[in-house]
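K.L.:
Below is the structure I would like to discuss, written out as structure tokens.
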Amino acid sequence: MTDTKRFNDEQLMELLSLIGDADSVELKLTIPEADSRATVVALDLDPIDAQIRQVVFFDTPDLALNQRGLVARARRSQGSTDDSVIKLRPVVPSELPEELRRLNDFVVEVDAMPGGYVCSASFKGKVPLGEVKQVLLGQQAIRKLFSKPQRAFFKEHADGLELDELSVLGPITVLKLKFDPSDFHRRMVAELWFYPDGSRILELSTKCLPAEAFQTGVESRVYLASKGIDLSGEQQTKTKTALEFFVKRA
């Protein structure tokens with residue numbers, strides 16, 4: 001759902017290069033809070049069908065990890081196992097070690113939204129059910145949520161920071177709904193993030209292969225516009241909003 005008209009020639013060349021070397025592309029659009037209800041109605045979304053999640057981030061009180069381009073996150077999901085991720089961004093795919101690129105749990109993805117894009121490397125892992133809750137209760141060390149390969153990837157980029165030195169930022173309740181519009185040929189995802197101060201972020205997204213990125217972007221924009229959804233609103237990132245919220249509260 002990115003708008004390439006907002007990019008200059010240099011940015012377009014960089015974007016093309018990143019997409020060409022990535023594993024996947026995720027097109028995103030955040031909806032202004034005032035328009036979220038109208039968007040839910042326009043897309044005929046039923047919150048009863050959504051999966052409930054809890055998302056928790058780990059960082060220092062001054063967000064030193066985020067300043068290094070690292071995100072450490074864990075998640076609880078209704079009806080599913082817990083999971084964790086160490087994410088590094090921005091990255092240049094061609095500069096990443098080949099041995100990492102061959103791992104199934106290591107994914108390089110370009111996130112694109114109106115007016116912006118970023119390429120990230122995510123080292124994902126499964127977590128035994130209940131362990132994220134134990135960390136939230138202070139009954140287990142943060143590092144236990146991450147595998148040895150994840151911890152090694154973290155250490156390489158954390159510049160001396162240790163996982164167990166980080167603060168627990170969260171959790172945040174999220175409703176995630178995958179849906180297949182009857183009048184659109186691609187699966188879409190709606191995520192509604194509820195922040196503890198009562199604010200919300202509704203994000204719409206769809207994933208595609210790198211070779212399909214620009215066609216998918218155009219088709220998605222046309223489809224959403226046909227539903228009366230505003231594509232020109234200010235874009236917010238869920239992670240940045242969450243980190244800044246908990247730091248201010250602390």
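K.L.:
Out of the range 171-206, which residues are surrounded by 15 or more Cβ atoms within 10 Å (Cβ to Cβ), of a type outside the set (A, V, I, L, M) and within 21 Å of Gly233 (Cα to Cα)?
P.N.:
Glu191, Trp193, Tyr195, Glu203, Ser205, Thr206
K.L.:
Within the range 103-127, track down each residue that is touching a residue at least 60 places away in the same chain (Cβ under 8 Å) and either part of a strand (DSSP E or B) or over 20 Å from Gln215 (Cβ atoms) (or both).
P.N.:
Val107, Val108, Glu109, Val110, Asp111, Ala112, Met113, Gly116, Tyr117, Cys119
K.L.:
Answer with yes or no whether Leu161 is aliphatic (A, V, I, L, M) and either exposed (fewer than 14 other Cβ atoms within 10 Å of the Cβ) or farther than 23 Å from Gln78 by Cβ (or both).
P.N.:
Numbers: aliphatic (A, V, I, L, M): yes; either exposed (fewer than 14 other Cβ atoms within 10 Å of the Cβ) or farther than 23 Å from Gln78 by Cβ (or both): yes.
When the stated conditions are applied, Leu161 passes them.
K.L.:
Being in a helix (DSSP H, G or I) and under 30 Å from Arg249 (Cβ atoms) narrows it down to one of Asp159, Asp197, Asp164, so name that one.
P.N.:
None of the other options fit; the residue is Asp164.
K.L.:
Output the residues belonging to the range 142-156 that are within 12 Å of Ala74 (Cβ to Cβ) and either among the β-branched types (Val, Ile, Thr) or touching a helix residue (DSSP H, G or I) at 6+ places or on another chain (Cβ under 9 Å) (or both).
P.N.:
Result: Ile142, Arg143, Lys144, Leu145, Phe146.
K.L.:
Let me ask something additional. Given the condition over 23 Å from Thr173 (Cβ atoms), more than 15 Å from the chain's Cα centre (by Cα) and surrounded by fewer than 18 Cβ atoms within 10 Å (Cβ to Cβ), answer yes or no: does some residue in the range 49-62 qualify?
P.N.:
yes
K.L.:
With the requirement that a residue be surrounded by 13 or more Cβ atoms within 10 Å (Cβ to Cβ) and over 11 Å from Asn66 (Cβ atoms), what does the range 238-250 give you?
P.N.:
The answer is Lys238, Thr241, Phe245, Phe246.
K.L.:
Here's another thing I want to ask about it. Got a number for residues in the range 36-70 being in a helix (DSSP H, G or I) and in contact with a strand residue (DSSP E or B) (Cβ under 8 Å, 6 or more places away or on another chain)?
P.N.:
7
K.L.:
In the range 79-105, what count of residues is obtained for those that are small (Gly, Ala, Ser), surrounded by 13 or more Cβ atoms within 10 Å (Cβ to Cβ) and modelled with pLDDT under 95?
P.N.:
Here is the first cut: in the range 79-105, the residues small (Gly, Ala, Ser) are 79-80, 84, 94.
Of the ones still in play, those that are also surrounded by 13 or more Cβ atoms within 10 Å (Cβ to Cβ) are 84.
In the following step, the residues that additionally are modelled with pLDDT under 95 were identified as none.
The number of residues fulfilling the criteria is 0.
K.L.:
Working only within the range 20-33, note down all residues that are crowded, with 23+ Cβ neighbours inside 10 Å and more than 13 Å from the chain's Cα centre (by Cα).
P.N.:
Residue satisfying the conditions is Ile31 alone.
K.L.:
Filter the range 128-140 down to residues that are of a type outside the set (S, T, N, Q) and in a helix (DSSP H, G or I) and give me whichever is surrounded by the most Cβ atoms within 10 Å (Cβ to Cβ).
P.N.:
Val132
K.L.:
Where residues in the range 173-221 are at pLDDT 95 or above and among the β-branched types (Val, Ile, Thr), which of them is farthest from Gln78 (Cα to Cα)?
P.N.:
Thr216
K.L.:
What pairs come up if the first residue lies in the range 35-60 and is under 19 Å from Gly138 (Cα atoms), the second is part of a loop (DSSP other than H, G, I, E, B), and their beta carbons are under 6 Å apart, counting only those six or more places apart or on different chains?
P.N.:
Partner pairs satisfying both residue conditions: Phe58/Leu166; Asp59/Leu166.
K.L.:
Where the second residue is at pLDDT below 90 and assigned to a helix (DSSP H, G or I) and the first is on the phi < 0 side of the Ramachandran plot and lies in the range 9-20, which pairs have Cβ atoms under 9 Å and are six or more apart or on separate chains?
P.N.:
Listed pairs, sorted by first residue: Gln11/Thr4; Leu12/Thr4; Leu15/Thr4.
The values are calculated or read from the model by the stated rules, or taken from the named source; none is laboratory data. Since we're looking at a predicted model, the values are computed, not measured. Don't worry about glycine lacking a Cβ; one is built from the backbone with ideal geometry, like all the others, and counts go over all protein chains shown.
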